[in-house]
Structures are given as structure tokens and as C-alpha cells.
Amino acid sequence: MRSNTRFVFYRVTRRVWMVLLALIVGIPIVVPVVRAEVSEVRIAYQFGLVYLPLMVMQKEQLFEKQAARLGLGPVKAQYSVLSGGNTMNDALLSGSIHFAAGGVAPFLT
């Protein structure tokens, strides 16, 4: 009796693994590949010394240089200084900016 229960358990477990494997292999075939390429990336940050790395990126045009080094073509970075996290969240939701550098509170929101 005990060996029969073990046999049924292994059969069910094997079937579950086969279904999972079929899903893992089949999902990339069904899901189409989506690529979004833009020629201008909009980045926003707030006032303050904490955002000095972004200010250096803007001054030295590091984003554009790295994009060119990676062969992504002529990509331009547009930087905006916004007043707070709520305006950054609104800008992200409306599609006005692509990346926002904010604190913990806007991130959690």
C-alpha cells in the first residue's frame, strides 16, 4: 500500500514538472519581442548636493558618450530639475520623463 502511494506521488510530481517545463519553454515563443528605441532620454532630478553625480553626467555628457561607445547611435540626454517627488511621479506617469532620481518617499509612492 505504501509503495503504491509513493508511485502515485512520483507520477503526479513528474506531470507537474512536465507542465512547468512546457510553460517555461513555450512562453518565450508566444510572447512577442518588444523593443522601444528612443533618440532622446529625459532624466529628472531634484535640487541639492545629493544629485551631484547627475549634474556631472549632464556637464560632461557622460550619457551620450556611453551610448556612442555601446553603438546605440546618437542618443541625446535631456536633464530637468524638478521641485519634489510628487512632481517627478506625475512626470513619470504622464510620460514626460523616462528616469527620475528622487528620495525614498517618492520611490515608495
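The values are calculated or read from the model by the stated rules, or taken from the named source; none is laboratory data. None of these values were measured; they are calculated from a predicted model. With ideal geometry, Cβ positions are generated from the backbone for all residues, glycine too; neighbour counts draw on all protein chains shown.
Go through (1) closer than 30 Å to THR87 by Cβ; (2) outside any loop (DSSP other than H, G, I, E, B); (3) modelled with pLDDT under 60; (4) not basic (Lys, Arg) and name the single condition VAL34 misses.
(2)
Show me the helices (runs of 4 or more DSSP H) found entirely inside region 41-109 where at least 1 residues are of a type in the set (Val, Ile, Thr).
It comes to 52-60, 85-94, 104-108.
Does ARG14 fit the bill of being more than 27 Å from VAL104 (Cα to Cα) and at pLDDT below 85?
Answer is yes for this residue.
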